[in-house]
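K.L.:
Quick one: this structure, given as structure tokens, is what I'll be asking you about.
Coordinate-derived values only; no laboratory data. This structure is a prediction, so every number in the text was calculated from the model and none was measured. So basically every Cβ, Gly included, is an ideal-geometry build from the backbone, and we count neighbours across all protein chains shown.
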Amino acid sequence: MFRRILIANRGEIALRIIRACHELGVEAVCVYSQADKDAAYLRLADRAICIGPAPAKDSYLNISRIISAAEVADVDAIHPGYGFLAERADFSEICRDCKIEFIGPSPEAMRKLGDKVEAKNYARVAKVPVFPGSEGAIEDEEEAVKTAAEIGYPVIIKAAAGGGGRGMRVCHNEASLRTNLRNCAQEARAAFGDGSVFLEKFLEKARHVEVQVIGDKHGHAVHLFERDCSMQRRHQKLIEESPAPGVERKKINAVCEAAARLVRSAEYAGAATVEFLMDDDQNFYMLEVNTRVQVEHPVTEMVTGVDIVQTSIRVAAGEPLPFKQKDITTAGHAIECRINAEDPARGFMPSPGKVETWRVPGGPGVRVDTHISAGDRIPPTYDSMVGKLIVHADDRDAAIRRAARALAEFEVGPIKSTIPMHRELMADSAFVRGGVDIHFLERRLK
Ligand code: ADP
């Protein structure tokens with residue numbers, strides 16, 4: 001096991017990793033920007049090192065400053081968390097060159113599954129269901145027009161290197177396909193430095209169901225079942241749960257097994273998530289693979305009892321996975337509500353500033369992952385997610401009631417948050433019934 005790990009991140013995930021380190025008997029070193037210098041969670045680290053000013057490019061995204069901090073602190077490994085440098089294969093490679101273990105996949109495995117076109121190729125081989133569409137990047141316009149006619153409109157053009165909901169265009173006919181192809185490639189080149197685009201069938205109504213997987217360096221990989229993350233706004237997830245309500249177990253289990261095959265075939269070590277859209281007939285189509293731990297990982301931890309963060313540290317240290325697929329079972333139902341410092345009444349505008357009141361719920365089956373304490377200041381510079389409420393109960397109805405109870409206890413002010421919206425959603429008949437699609441929340445907010 002490592003002696004000391006540097007956490008190249010901030011906020012709730014930095015604290016989640018500090019906790020995992022301490023339970024493993026490992027020292028945790030945090031880096032922080034000037035915007036976070038007074039953040040209370042830094043006191044829980046064994047050491048905290050300032051790496052620069054507030055803008056992420058000068059601090060949390062600045063590889064040379066992070067590597068310098070790692071060398072000064074004499075760490076054996078770096079945990080990137082999610083966001084920032086987590087999916088940068090060049091960062092994973094630099095860590096390796098500096099003889100610092102990157103807690104996550106090798107640069108090779110990250111390139112295989114992190115690129116959307118490459119990932120689809122691996123998925124086809126592993127028999128993971130994918131969207132009908134172009135096989136690989138589009139080489140010429142006529143070929144794309146032919147493919148679109150075959151799969152039928154609407155289709156979606158995507159940038160191979162895209163992410164964060166950017167670099168995508170939906171086309172309803174041939175004329176818009178031709179125009180968008182040129183624009184999309186140009187935009188992708190400007191935004192991601194890679195102009196390759198591909199084509200997929202566009203699903204008008206879908207649910208977002210994803211599979212948690214984890215692999216080790218000895219060729220083993222298992223899945224930890226699924227999460228339903230259909231409650232979204234502008235592609236941002238707001239509620240996640242497991243199991244996915246109303247999905248036929250046989251179908252979802254087959255998809256979970258396929259996801260595990262996919263990571264195995266890419267010789268992938270670490271945690272990953274294989275994301276799918278599911279149509280009304282419960283057919284699955286892979287969207288992409290996220291090559292890191294996700295915000296919503298606690299949902300899976302609650303139903304499987306597996307500590308995903310600790311396990312990924314163990315596999316990075318070279319330990320084999322401590323369980324086999326048959327050892328993984330799920331119990332009960334878990335729901336996560338993301339607490340964002342945003343004002344849903346004002347179009348989800350960020351609501352940074354000083355937190356005067358921060359009273360978190362507790363009691364049976366309630367977990368709150370947050371770095372915030374009363375008196376903290378939420379900087380306007382970074383993501384507005386300031387915490388997650390995760391509940392676990394015997395079944396979905398009980399989990400919803402527990403979430404409603406916990407949300408009623410949660411007091412935050414004067415900053416605005418998504419808590420009142422979550423309280424409403426826990427009482428929404430469509431949510432309570434289960435199985436809302438990815439556009440449900442946007443329709444409801446109109
Ligand atoms: P990103 O990496 O930018 O998150 P994804 O491929 O994961 O891109 O897609 C983001 C979102 O775009 C999905 O959650 C879904 O809402 C929508 N989307 C992507 N592909 C399709 C598709 N083929 N049909 C319908 N919606 C899609």
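K.L.:
Find how many whole Å separate the alpha carbon centroid of region 64-93 from the alpha carbon centroid of region 375-394.
P.N.:
23 Å
K.L.:
Order the peptides 92-102, 300-310, 166-176 from the highest to the lowest mean number of other Cβ atoms within 10 Å of their residues.
P.N.:
Details: 92-102: 17.5, 300-310: 20.9, 166-176: 15.0.
Output ranking for 92-102, 300-310, 166-176: 300-310, 92-102, 166-176.
K.L.:
Hey, another quick one. Show me, for region 316-325, the HN-Hα J-couplings you get by feeding each phi into the Karplus relation (A = 6.51, B = -1.76, C = 1.60, θ = phi - 60°), rounded to Hz, glycine and proline as x.
P.N.:
Values, residue by residue: 5, 7, x, 6, x, 3, x, 8, 10, 3 Hz.
K.L.:
Amide H of Gly52 versus every other amide H placed in the peptide plane: which residues, excluding those fewer than 5 positions away on the same chain, fall under 5 Å?
P.N.:
Here Gln34 satisfy the definition.
K.L.:
Grab the Cα-Cα distance for Ala175 and Glu411, subtract it from 0.36 nm times how many residues apart they are, and report the gain in nm with one decimal.
P.N.:
Extra length from Ala175 to Glu411 when fully extended: 79.8 nm.
K.L.:
GluC sites (Glu not before Pro), restricted to region 317-410: which are DSSP loop and have at most 12 other Cβ atoms within 10 Å?
P.N.:
Answer in residue order: Glu356.
K.L.:
Further question: Mark the label point 7 Å from the Cα of Asp46 along Cα→Cβ and return the residues of region 3-19 whose backbone N is within less than 13 Å of it.
P.N.:
Flagged as within label range: 3-7, 18-19.
K.L.:
Just flag the GluC sites (Glu not before Pro) in region 200-265 sitting in loop per DSSP whose Cβ has no more than 15 other Cβ atoms within 10 Å.
P.N.:
When the GluC sites (Glu not before Pro) of region 200-265 are filtered for loop state and at most 15 Cβ neighbours within 10 Å, Glu204, Glu248 remain.
K.L.:
Taking the Cβ of Gly318 as the center, what net charge do the other residues with Cβ under 12 Å away carry, scoring Lys and Arg +1 and Asp and Glu -1?
P.N.:
Net of charged neighbours comes to -2.
K.L.:
Would you tally the net charge around Asp140, using a Cβ to Cβ cut-off of less than 13 Å, leaving Asp140 out, and scoring K and R as +1, D and E as -1?
P.N.:
Net charge in that neighbourhood comes out at -1.
K.L.:
Can I ask one more? With +1 on each Lys and Arg Cβ and -1 on each Asp and Glu Cβ, how big is the dipole of the chain about its Cα centre, in debye rounded to the nearest 20?
P.N.:
Dipole magnitude for the chain comes out near 640 debye.
K.L.:
DSSP loop (so not H, G, I, E, B), at most 12 other Cβ within 10 Å: list which trypsin sites (Lys or Arg not before Pro) in region 183-216 pass both filters.
P.N.:
Working: sites: Arg189, Lys201, Lys205, Arg207; in loops: Lys205.
Filter output for region 183-216: Lys205.
K.L.:
From the phi angles alone, apply the Karplus equation (6.51, -1.76, 1.60; θ = phi - 60°) to region 60-76 and give each ³J(HN,Hα) in whole Hz, x where the residue is Gly or Pro.
P.N.:
Residue by residue, region 60-76 yields 5, 9, 8, 4, 5, 5, 5, 5, 4, 4, 5, 6, 4, 7, 6, 8, 9 Hz.
K.L.:
Whose amide H sits under 5 Å from the amide H of Arg292, counting only residues 5 or more places off or on another chain, with H placed in the peptide plane?
P.N.:
Thr273
K.L.:
Let me ask something else. Would you calculate, for the chain, the mean residue ellipticity at 222 nm contributed by helices, counting each DSSP H stretch of 4 or more residues as -39,500 (n - 2.57) and dividing by all residues, to the nearest 500?
P.N.:
-10000 deg cm²/dmol
K.L.:
Which one of Val170, Val432, Val197 is farthest out on the positive end of the charge dipole of the chain, using unit charges on Cβ (Lys, Arg +1; Asp, Glu -1) and the Cα centre as origin?
P.N.:
Val432
K.L.:
Now for a different question. If we sort 399-406, 130-137, 258-265 on the protection proxy, mean other Cβ atoms within 10 Å, highest first, what's the order?
P.N.:
258-265, 399-406, 130-137
K.L.:
Along each of its three principal axes, how wide is the spread of alpha-carbon positions in the chain, in whole angstrom units, largest first?
P.N.:
Principal-axis extents of the chain (Cα, largest first): 59, 53, 44 Å.
K.L.:
What nm value, rounded to one decimal, do you get for the distance between Lys37 and Tyr153 when each label is placed 7 Å out toward the C-beta?
P.N.:
If labels sit at Lys37 and Tyr153, their model points lie 5.7 nm apart.
K.L.:
Given R₀ = 25 Å, what would the calculated FRET efficiency be for Arg444 paired with Asp281, taking r from the Cβ atoms and rounding to 0.05?
P.N.:
Taking R0 as 25 Å, the efficiency between Arg444 and Asp281 is 0.55.
K.L.:
Work out, in µm²/s and without decimals, the Stokes-Einstein translational diffusion coefficient of region 232-321 at 20 °C, 1.002 mPa s, Rh from Kirkwood over C-alpha pairs.
P.N.:
After rounding, the answer is 147 µm²/s.
K.L.:
While we're here: Would you mind checking region 361-381 for residues with the amide N under 17 Å from a putative spin-label position 7 Å along Cα→C-beta of Ala331?
P.N.:
From region 361-381, the list is 364-367.
K.L.:
Over its Cα atoms, what ratio of radius of gyration to 2.2 N^0.38 Å does region 4-103 give? Numbers along the way, then the final one.
P.N.:
Values: Rg = 12.0 Å, N = 100, 2.2 N^0.38 = 12.7 Å.
Ratio of Cα Rg to 2.2 N^0.38 Å: 0.95.
K.L.:
Still on this model: What is the extension gain from Arg189 to Ala404, computed as 0.36 nm multiplied by their sequence separation minus the C-alpha to C-alpha distance, in nm to one decimal?
P.N.:
Full extension of this stretch gives 72.9 nm more.
K.L.:
A further question follows. Excluding Val222 itself, calculate the net charge of residues whose Cβ lies under 10 Å from the Cβ of Val222, where each Lys or Arg counts +1 and each Asp or Glu counts -1.
P.N.:
Once positives and negatives cancel, what remains is 0.
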